Amino acid sequence: MTVGFATDTGTKEEVKSEEGTALDQPWIVLVWNDPVNLMSYVSFVFQDYFGYSEAKARRLMLEVHEQGRSAVASGNREKVEQDTVAMHSYGLWATFEKAGSE
Amino acid sequence: MAKAFKSTRRGISGSLEPGEVRLLGNLFRDIISMLEPETAASSDPLAAMVGMDTEAVAPSDSAVRRLLPDGVRANDDEALEFRRLTERSLREQKISALRSSALLLEGNPVVLNPGQARLMAQALNDVRLVLADRLGIETEDDAEKLHEVGDSSDVEDVESYLALVYNFVTWLQESLVQALLTAGRQKR
C-alpha cells in the first residue's frame, strides 16, 4: 500500500474482538497488499463495506500493509464469496478460502 | 489547479479545472472500454440475467486482470468457476461507477453525497490501478520513485507524463478519501 499526503490520525486501538472461531466461521476473506492502494482508502473500504470501527479498520489495514495480507472477514461460503467480489469492486485484491487451509 | 475535496455541510465538495475534468473523463472512458466484455454475451439468457458468463476466462491484459482478479488463489479451476459466476456483474458494477463519476465531475464545484463520493473513490482507484500497471509499479519502491514527477516541467516522455497523471489522481483520491473519513466521523 502507499501513503497519500495527509497525516495519520493516531486513534487508539480497540481491545475487544468480535470475530468468531474458525469452527462456526469456516470460510475467510483474505485481502492482499499491493503497492497502489492508498492506506487511507483501504481503511475506508473496511469501514464502509464491513461497518468496522475506525480503529478495527485501521488495525486490519496495517496488518495487510505489514504482513502482506489479512483475514478481514469470515462466514459461510456464500458470504465470503460475496465479500470477495465486493472487495474487487472497490479495487482491493481479495481471495476467499477455507479457514485454516494452510 | 484543482482544489482538494473537503467535507462540508452541503456534502463532499471539490473543484477541478476544465482540463482536469477532460483528462479524468477520458481516463474513465478508456477504462470503461477496457471493461466492456471481450466476447459476446453468453447465449444463455437466464445465465446472463443472473450475471453469469459461462465463457469468461482470465483477462489477457494485465491491467484488466488487476481490475478483475482471481477470487481463489492457487487453484485455477476454482478461480475460473468463480470468475464465470461473478465477473460479468463486477464488470457492470465498475462500468457503472466510472460512468457516474464522469458525469459527476461535470459539476463545478463538484458536490457529492456519500454514495456518490464512494463511487468516485472506486473509479479513481481503478484509474490508478490501470496507470500503475502501465507504469510497471510492482513494489512500494517503484511507487516511491514516481513521487519525483511533481509538475509538468518534469515531463520528458510518455512515461513521465503517465507518472504525472498518476500522482495527480493519487492526490485527488487521497483528498476524497480523507473527506469521506471525516464525513464518517461527523456522522457518529
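The values are calculated or read from the model by the stated rules, or taken from the named source; none is laboratory data. Since the structure is predicted, the reported quantities are computational estimates derived from the model, not experimental observations. Quick reminder, even Gly has a Cβ in these numbers, built from the backbone with ideal geometry, and neighbours come from all protein chains shown. Just the protein is used for accessible areas: all its heavy atoms, side chains included, with ligands, DNA and RNA removed. Shrake-Rupley method; radii C 1.70, N 1.55, O 1.52, S 1.80 Å.
Miscellaneous remarks
- Burial of 50 Å² or greater, the stretch A:26-49 residues [accessible area, probe 1.4 Å, versus chain by itself]: A:PRO35, A:VAL36, A:LEU38, A:SER40, A:TYR41, A:PHE44
- Note on chain B: dipole from Cβ charges, positive end direction compared against B:ILE32, B:SER60, B:ALA143; the farthest Cα belongs to B:ILE32.
- Label point distance in nm, B:ASN75-B:ASP157, each placed 7 Å from Cα along Cα→Cβ: 4.4 nm
- Chain A contacts chain B over a buried accessible area of about 3100 Å², both sides summed; the probe is 1.4 Å and only protein chains count.
- Per residue, the stretch A:27-98 exposes an accessible area of 32 Å² to a 1.4 Å probe, with every protein chain left in place.
- Drop in accessible area of at least 50 Å² in the complex versus isolated chain, residues of the stretch A:80-102, 1.4 Å probe: A:VAL85, A:HIS88, A:SER89, A:PHE96
- Histogrammed with a bin width of 5 Å, the alpha carbon distances of the stretch B:88-188 distribute as 2, 12, 19, 21, 17, 16, 10, 3, 1, 0 percent, first bin at zero.
- Charged side chains reduced to their Cβ positions (Lys and Arg at +1, Asp and Glu at -1) give chain B a dipole of some 1520 debye around its Cα centre.
- Projected label distance in nm at A:GLN82 and B:LYS3, using a 7 Å step from Cα toward the beta-carbon: 4.1 nm
- The Cβ shell under 15 Å around B:GLY25 holds other residues with a net charge of -2, Lys and Arg each +1, Asp and Glu each -1.
- Long pairs among A:LYS79/B:LYS94; B:LYS6/B:LYS187; A:LYS56/B:LYS6; A:LYS98/B:LYS187; A:LYS56/B:LYS187, criterion Cα-Cα beyond 26 Å: A:LYS98/B:LYS187
- Axis of helix B:18-35 versus longest Cα principal axis of chain B: the two differ by about 10°, to the nearest ten degrees.
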